[in-house]
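Notes to accompany the following structure.
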């Protein structure tokens, strides 16, 4: 019984710690740490997205920064046009900027979905190393496209002067913005939990384990994987929009392959396919980055060693280390 | 219900089947026999669309299926229990059963009534089941797709005698409900009393067709094609 409760306990501690940290920081008047907690929540959200594709579906996407960056650019472009009062599209119908965070989110989800459907439709015809390479190639295409867009800052990126707004919430307040990110993270966790434990989730895991066997039972693996890939991209895209609003800045760096790699690192550090893995992974990553990074610029050496030891000695990641092997019921 | 004619299948440049014919009628159980390496599994893979045949035809309930992808064939009502207890190892028993469930008739309750052990182990991860239990799971999973024709490839191979009898009892039960079955197995003793017709493969060809009773009574025939 105690063994069975370990993973939920670890998850609960993680989620509570992420909530208590910024509240304590506000109480101690240390607003910097509120921003740090928001970063953890947002990057964890990006990881939750990738974990659906990588962990449950076995699709090692090395191009999820494409969706992360697209979300960022949606936020950036909406803010720019709203700020300038100019139009994004003048014809055939006029589309201007927006100051509403809800609009930014909805557009981000739609754009991520459309792009993911296109990328997935092509990429999912391959598997293994080829899938990794082709998703990377698509992300790089979008990266260079962003660089060559002078209207939206090109290589220099785009500043967001005013964070978009939500009804009843002062998004300019760091703690309120954190709570928004936190709520979205929890919703995404709940959604993926329900999804993975549904019939669709079982079929998705079957497609990962053996697509041929799934086909002989009457389910085509391709649409199942494409759906999961698209949902995964939408979640990561949403994280990108929040990330741009948090930093007040979006640049092609959000689309770079290093960013894709980082999102994979969150998932692997935390534990591939474990629901709360990306939360643990992103938290550990940010802690290493800010505390060891404050002490030496070579903090990535430490990250490398941690990653190496996770891959060699703790295959289940941080969650696996704390909560034991994945279990059912 | 299933008619296979002149099936020729290749793995790359090497030909594995040189002309296989077989017919399974509604409610019938047909046994596909032959020594190892004679093309039994290849025949089944070709029927299911996993290794499509280059020549020949596969007609299932009046429809030509040999150019269809595997999942379409399965949806038309072919339920395969592949060789070697192929479960989805990281899913629970219950998830394995419900993930691909389709149609009416066989449901979770019916399958766990057939194999009570699957009910006892519903929450267990398939990888940790015994070999016999995994085989029961593979059969249960195929039944849950409510197939018109159930295909069992070496369903009792490598299992303890007690478990083997349990599985034969289940096959008998399923057949008794009118299920059409195409079966590959080597246990003539268990199989012949149950099957209506037999087809023997040799070197990728179907070389003998006849009733199970004929084969049961012909020791020379058994020895020639099946003896080791």
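Exactly one residue among A:136, A:117 is buried (at least 19 other Cβ atoms within 10 Å of the Cβ), within 19 Å of the chain's Cα centre (by Cα) and in a helix (DSSP H, G or I), and that residue is A:136.
Among the residues of the stretch A:180-208, those identified as within 14 Å of chain B (Cβ to nearest Cβ) and in contact (Cβ under 8 Å) with a residue 60 or more places away in the chain are A:195, A:196, A:201, A:204, A:205, A:207, A:208. Applying the criterion of being at positive phi and loosely packed, with under 15 Cβ neighbours inside 10 Å to the residues of the stretch B:20-38, the residue that is nearest to the chain's Cα centre (by Cα) is B:27. What about residue A:126, is it within 26 Å of residue A:231 (Cβ to Cβ) and outside any helix (DSSP H, G or I)? Yes.
Which residue out of B:134, B:165 is surrounded by fewer than 24 Cβ atoms within 10 Å (Cβ to Cβ) and in the same structural domain as residue B:99 (by TED's automatic domain parsing)? Exactly one of B:134, B:165 is surrounded by fewer than 24 Cβ atoms within 10 Å (Cβ to Cβ) and in the same structural domain as residue B:99 (by TED's automatic domain parsing), namely B:134.
Scanning the stretch B:53-79 for residues being part of a loop (DSSP other than H, G, I, E, B) and surrounded by 18 or more Cβ atoms within 10 Å (Cβ to Cβ) gives a total of 5.
The requirement of being more than 10 Å from chain B (Cβ to nearest Cβ) and buried (at least 23 other Cβ atoms within 10 Å of the Cβ) is fulfilled nowhere in the stretch A:161-173; no residue meets it. Taking the criterion of being in contact (Cβ under 8 Å) with a residue 40 or more places away in the chain and part of a loop (DSSP other than H, G, I, E, B), would at least one residue in the stretch A:42-58 satisfy it? Among the residues of the stretch A:42-58, at least one is in contact (Cβ under 8 Å) with a residue 40 or more places away in the chain and part of a loop (DSSP other than H, G, I, E, B), which makes the answer yes. Across the stretch A:274-312, the number of residues qualifying as outside any helix (DSSP H, G or I) and either buried (at least 17 other Cβ atoms within 10 Å of the Cβ) or modelled with pLDDT of 90 or more (or both) comes to 3. Is it the case, given these coordinates, that residue A:239 is in a helix (DSSP H, G or I), modelled with pLDDT under 95 and either under 22 Å from the mean Cα position of the chain (by Cα) or within 14 Å of chain B (Cβ to nearest Cβ) (or both)? No: the conditions fail for residue A:239. Residue count for the stretch B:80-117 under the criterion of being farther than 24 Å from residue B:41 by Cα, assigned to a helix (DSSP H, G or I) and within 13 Å of chain A (Cβ to nearest Cβ): the result is 6.
The values are calculated or read from the model by the stated rules, or taken from the named source; none is laboratory data. Please read all numbers here as calculations on a predicted model, not as lab measurements. Cβ coordinates were reconstructed from backbone atoms using ideal geometry, including for glycine residues, and neighbour counts include every protein chain displayed.
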